[in-house]
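Each reported figure results from applying straightforward, stated rules to the coordinates on display, with no laboratory input. Values in this document were obtained by computation on a predicted structure and should not be read as measured data. For neighbour counting, all protein chains shown are included, and Cβ atoms are generated from backbone atoms with ideal geometry for every residue, glycine included.
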């Protein structure tokens, strides 16, 4: 493979910038562009060391740098590799990359360093995917699940399941190859036990995806209500900043405003929407339609009503929207005289979760947070207990494996030949191998790594 180079730090001004190189010619290229302070030959420098010196071009000093050395196979990519730590800033870092490319390196593709780590056998595909999960993590819990995958927890569990299957599969194939020993009934019994065990473990992994989806994607939460009910005030109160414009005029919010907060380590995607009402304003109508779309697509709807006003036609429309949806009703402006009650049947028929708040005075926000925690069992998501699946590709393949386990059991119960049963069992192994990357198409590999950033 060629020697690749890329900038690994985010663009912009910073304390340091890092240019990475990996491949057979790494140290050859480095010897042309890096002058260590003590004059030691690049080839004589040991791996896992850092040397101080200068990047040069045509005997001109480009920057004062520290270079980290990693020698094959003990590096991120399992190849000869270096990281040039320069001063931060776009100009210097881009110049150093340009010098690397001029001296024989090729520009790395997105995720190519991690892809090489996978192709060179240092990590499996689950661990490779966990890298992008960690980089994109929006909460501590999401980052922790990514670290656990990188450490190989899911890979180890799947290897255990695969070994269990292979131990039984060997005996089945012996039975098929040597029918004269008449051990088929014994093998059927052992196979059923194995399938029960494997399916239970796979179903446990599959069911963890419900929590994993929340950890990764958060809870999409639409805040809806008629104009001036207090939607934008609520968003500002939760964020503790003036994110949305608040005025006494109706129709101030005409588009959605989205922000993320964390509750118990879970990202809550708050969406402030345009007030729902009849209007002749074309632009406002677009915003109102978008509000309704966001509400239909949300995991949770927070419906706000002004407690100081009687329920009106627009309020009734809001109540219709939240019926049969996971929702919370907030009776806002409790510091004013109340004209509607939390026991009002029009409210309780649509939703049982009703909380009195004052968005202006930040009253009732703790109760709202507790209710969200209760509705989504956020306290039950304990990362210390077991493995949690956050990747939809993994979940889909685990579901396929479970279907094949069911198919194998049905084939046994219908007294089908064992060679038919083995087709289903081998399919389970195939699903596991596709998850770990032992058997996966090049298209899938390319698609996975295309989501990575440059330099990783």
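Protection proxy ranking of 435-446, 336-347, by the mean of other Cβ atoms within 10 Å over each peptide's residues and highest first, is 435-446, 336-347.
Subtracting the Cα-Cα distance of residue 349 and residue 61 from 0.36 nm times their residue separation leaves 96.2 nm of extension gain.
For region 93-143, the square roots a ≥ b ≥ c of the C-alpha gyration tensor eigenvalues yield an a/c of 1.5 or more together with a/b not exceeding b/c, which makes the shape oblate. A Förster distance of 56 Å, applied to the separation of the beta-carbon atoms of residue 363 and residue 43, puts the FRET efficiency at 0.20. Normalising the average separation of contacting C-alpha pairs (under 8 angstrom, six or more residues apart) by the number of residues puts the relative contact order of region 4-108 at 37 percent. Normalised by the number of residues in region 321-388, the mean separation of alpha-carbon contacts (under 8 Å, six or more apart) gives a relative contact order of 30 percent. Rounded, prolate or oblate: which one fits region 4-108, using the alpha carbon gyration tensor with axes a ≥ b ≥ c (rounded when a/c is under 1.5, else prolate when a/b beats b/c, else oblate)? Rounded. Taking every alpha-carbon pair under 8 Å whose residues sit at least 6 apart, the chain reaches a relative contact order of 16 percent. Label the chain by shape, choosing from rounded, prolate and oblate, from the square roots a ≥ b ≥ c of the eigenvalues of the Cα gyration tensor; if a/c is under 1.5 it is rounded, and otherwise prolate applies when a/b is larger than b/c, oblate when it is not. Oblate is the answer for the chain, as a/c is 1.5 or above yet b/c matches or exceeds a/b. Each residue, residue 32 and residue 454, gets one label point 7 Å from its Cα in the Cβ direction; the gap between the two is 2.1 nm.
Tally the DSSP beta bridges in the chain and give the antiparallel ones as a percent, rounded to 5. So the antiparallel bridges amount to about 65 percent of the total. Give, as ranges by residue number, the residues of region 12-40 whose backbone N falls under 19 Å from the point 7 Å along Cα→Cβ of residue 87. It comes to 12-19, 34-37, nothing else. Residues 272, 196 in ascending order of nearby Cβ atoms (within 10 Å, fewest first): 196, 272.
Taking all Cα-Cα distances within region 297-381, those exceeding 21 Å account for 28%.
A simple spin-label model places pseudo-atoms 7 Å from Cα toward Cβ; at residue 310 and residue 325 they are separated by 2.7 nm. Here each label is just a point 7 Å from Cα along the line to Cβ, and for residue 399 and residue 163 those points are 3.0 nm apart. Rounded to the nearest 500, what is the chain's calculated 222 nm mean residue ellipticity when only DSSP H runs of at least 4 contribute -39500 (n - 2.57) each, over all residues? So the helix-based figure for the chain works out to -14500 deg cm²/dmol.
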